[in-house]
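The values are calculated or read from the model by the stated rules, or taken from the named source; none is laboratory data. The shown structure was predicted, so the numbers you read here are calculated from the model rather than taken from an experiment. Using ideal geometry, Cβ is built from the backbone for each residue, glycine included, and neighbour counts are taken over all protein chains shown. Please note that ligands, DNA and RNA were not included when accessible areas were found on the heavy atoms of the full protein model with its side chains. Shrake-Rupley method; radii C 1.70, N 1.55, O 1.52, S 1.80 Å.
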Amino acid sequence: MNRPGRNDTCWCGSGKKYKQCHLAFDQKIEDFERRGYLVPDHKLLKTPAQIEKIKASCKVNIAVLDYVEQHIRAGISTEEINDWVNKITCDMGAVPADLNYEGYPKSVCTSINEQVCHGIPSKDIILKDGDIINVDCSSILDGYFSDSSRMFCIGEVSPEKKKLVDVTREAVYKGLEQVKPWGFMGDMAEAVQKHVESNGFNVVREIGGHGVGLKFHEDPWVGYRGRRGTGMLLVPGMMFTIEPMVNMGRADVYTSDGDNWAVYTEDGLPSAQWEIQVLVTEDGHEVLSW
């Protein structure tokens, strides 16, 4: 970790001298590092000014998903969802982060039933009674990024699908309870994994969450299988997504050869995902987008 001189201006942007601001904070992080723990660099920590800008982006993301929640129903195409997302995002002065990201062709991901993630909207895909769908939305406002997703049950879904959707959401918030300063990423991961597996489901291993805010995808990578006291140290200013993908059957997945984007369960059973964007604070955490 590169540290300023004691009398230099602090790296956090407060304008204070380093010794009066983050010196003791950095010394505490370095103590964990000397003891062999993985610790974050300053570049993974958001400053107060950056956090305020990111929160403004999050307001766009929340508004878009609120609109989807109010209007989604059987009989509409996933292309219509894409149109809603694109229009509302742009009307609020933002840009859909998904659009053209590494060649992705749409403004949102719509993943139905056995699709795990990255489902591409299409006018030919019509929602029907009994479907479950994840709508994954990301926004850029003035260069700052937000990212969250919600599950929706279309009409009357089976009890098994409803349980999958509910347990996945519960797992997100079980993990969130463990997000606190000077804890570890593994604390969160273990809580998610235990809740999922105790309900007879499995967490996808290959795909996880990520840091977010200044870029769409930042370090650290966030997995949902782990043990307490392991993984990266959590410190105030860290920001990342909690977004476990939970399969009704086996954890195995594959990416479609057809579009090279949509990920499916290997056994064809349904999958669910909820995503929230979280900030580690001085006394716990704050959910910024959901």
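A few remarks follow.
- Difference of contour (0.36 nm per residue) and Cα-Cα distance, ASP66 to ASN2: 18.9 nm
- Long-range HN-HN contacts of CYS117 with modeled amide H, under 5 Å: VAL263
- Think of segment 90-229 as a dipole: +1 on every Lys or Arg Cβ, -1 on every Asp or Glu Cβ, centred on the Cα centre; then among MET188, PHE216, THR168, MET188 lies furthest on the positive end.
- Listed residue (MET92, GLN50, PHE25) projecting farthest to the positive dipole end of segment 1-106, Cβ model: PHE25
- Helix-only mean residue ellipticity at 222 nm for the chain, each DSSP H run of n ≥ 4 adding -39500 (n - 2.57), per residue, nearest 500: -9500 deg cm²/dmol
- What separates the Cα centres of segment 246-263 and segment 90-141 is a distance of 16 Å.
- Taking label positions 7 Å along the Cα-Cβ direction at both GLU33 and THR255, the computed distance is 3.3 nm, reported to one decimal.
- Where a label projected 7 Å from the Cα of THR281 along Cα→Cβ would reach, residues of segment 44-59 with amide N under 19 Å: 45-59
- Karplus-based coupling profile of segment 196-205, in residue order and whole Hz: 5, 6, 5, 9, x, 10, 9, 8, 5, 8, with θ = phi - 60° in 6.51 cos²θ - 1.76 cosθ + 1.60 and x standing for Gly or Pro.
- Neighbour-limited loop hits for chymotrypsin sites (Phe, Trp or Tyr not before Pro), segment 66-131 (at most 13 other Cβ within 10 Å; DSSP other than H, G, I, E, B): none
- With respect to the chain, whose longest principal axis is taken over its alpha-carbon atoms, helix 78-91 is tilted by about 40°.
- Per-residue SASA entry for THR9, accessible area with 1.4 Å probe, Å² rounded to 10: 90 Å²
- With protein chains left intact and a 1.4 Å probe, residues in segment 4-57 average 58 Å² of accessible area per residue.
- The dipole here belongs to the chain: it is taken about the Cα centre, uses +1 on the Cβ of Lys and Arg and -1 on the Cβ of Asp and Glu, and is about 1220 debye.
- Amide H contacts of ILE125 (H built 1.01 Å from N, under 5 Å, at least 5 apart or other chain): THR78, GLU79
- Projecting the Cα atoms of ASN113, LEU141, VAL179 onto the charge dipole of segment 101-193, computed from C-beta unit charges around the Cα centre, puts ASN113 farthest toward the positive end.
- Accessible-area composition of the chain, carbon plus sulfur, in percent [1.4 Å probe]: 47 percent
- On a per residue basis, segment 129-210 carries 36 Å² of accessible surface, using protein heavy atoms and a 1.4 Å probe.
- Comparing mean-square fluctuations of LEU141, LEU127, LEU65 from a GNM of the chain with C-alpha springs under 10 Å, the top value falls on LEU127.
- Remark on ASP131: its backbone amide H falls under 5 Å from those of ILE154, a criterion applied only to residues 5 or more positions apart or on other chains, H modelled at 1.01 Å from N.
- Cross-link table LYS87/LYS174; LYS28/LYS194; LYS43/LYS106, entries beyond 32 Å C-alpha to C-alpha: LYS87/LYS174
- Only the Cβ atoms of Lys and Arg (+1) and of Asp and Glu (-1) were treated as charged; on that basis the dipole of segment 27-90 about its Cα centre amounts to roughly 300 debye.
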